[in-house]
Amino acid sequence: VQLQACGGGLVQTGGFLRLSCAASGRTFSIHAMGWFRRAPGKEREFVAAISWSGISTNYADSVKGRFTISRDNAKNTVYLQMNSLKPEDTAVYYCAAARSRWGESITIASQADWGQGTLVTVSS
């Protein structure tokens with residue numbers, strides 16, 4: 001599957017952004033989706049995941065209560081609503097689609113297809 005992420009930008013501390021990731025190339029609705037990020041000088045880390053059905057979600061502790069992942073299977077798109085942004089949220093954000101079917105989640109170790117990333121910069 002091909003993934004195209006967008007919505008990144010520069011925002012002040014406490015602000016918000018909504019990332020979108022549009023998928024094409026194979027059936028979107030049967031695969032778990034996720035968002036990951038890589039901050040400068042750090043390893044890529046998990047941010048949030050959503051099951052193929054959209055019923056189940058899970059989040060990194062660092063973003064719980066501030067970020068919300070959702071999906072619209074009719075539009076082949078997954079979203080990440082990011083509120084109360086902090087400087088430590090600054091990173092390149094990547095979306096990923098699990099290659100397995102009917103999954104409940106996705107991790108860095110999952111076999112997946114990855115988007116190109118979108119930069120989020122939070123100024124203090």
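The values are calculated or read from the model by the stated rules, or taken from the named source; none is laboratory data. Remember, predicted model here, so these are calculated numbers, not experimental data. All Cβ positions, even for glycine, are placed from backbone atoms using ideal geometry, and neighbour counts span all protein chains on display. Heavy atoms of the whole protein, side chains included, go into the accessibility calculation; ligands, DNA and RNA do not. Shrake-Rupley method; radii C 1.70, N 1.55, O 1.52, S 1.80 Å.
Residues checked against (1) out of contact with any Phe, Trp or Tyr (no Cβ under 7 Å at 6 or more places or on another chain); (2) part of a strand (DSSP E or B); (3) aromatic (F, W, Y); (4) closer than 21 Å to G41 by Cβ:
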| residue | (1), (2), (3), (4) |
| --- | --- |
| A96 | no, yes, no, no |
| R101 | yes, no, no, no |
| T107 | no, no, no, no |
| S110 | yes, no, no, no |
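Is it the case that the range 32-42 has a residue that's basic (K, R), surrounded by 15 or more Cβ atoms within 10 Å (Cβ to Cβ) and closer than 15 Å to S105 by Cβ? No, the range 32-42 has no match at all. If you filter the range 23-32 down to residues that are under 14 Å from K75 (Cα atoms) and of a type in the set (A, V, I, L, M), you find that the one that is modelled with the highest pLDDT is A23. Within the range 69-86, the residues that satisfy the criterion of being open to solvent by 50 Å² or more (accessible area, probe 1.4 Å) and either of a type outside the set (S, T, N, Q) or farther than 12 Å from S20 by Cα (or both) are N73, A74, K75, N83, S84, K86. Filtering the range 43-68 to residues that are open to solvent by less than 20 Å² (accessible area, probe 1.4 Å), assigned to a strand (DSSP E or B) and either closer than 14 Å to E88 by Cβ or aromatic (F, W, Y) (or both) leaves V47, F67.
The C-beta contact set for the range 1-22 (first residue modelled with pLDDT of 95 or more, second residue surrounded by fewer than 16 Cβ atoms within 10 Å (Cβ to Cβ) and not in a strand (DSSP E or B), distance under 7 angstrom, 6+ apart or interchain) comprises A5/Q116; T13/K86; T13/P87; T13/S124; G14/S84; F16/N83. Quick one: is A5 under 12 Å from the mean Cα position of the chain (by Cα), within 18 Å of I108 (Cβ to Cβ), assigned to a strand (DSSP E or B) and not basic (K, R)? Here the answer is yes, as A5 does meet what is asked. Inspect all residues belonging to the range 41-50 and state whether any of them is closer than 16 Å to L119 by Cβ and touching a Cys at 6+ places or on another chain (Cβ under 8 Å). Scanning the range 41-50, I find no residue that is closer than 16 Å to L119 by Cβ and touching a Cys at 6+ places or on another chain (Cβ under 8 Å), so the answer is no.
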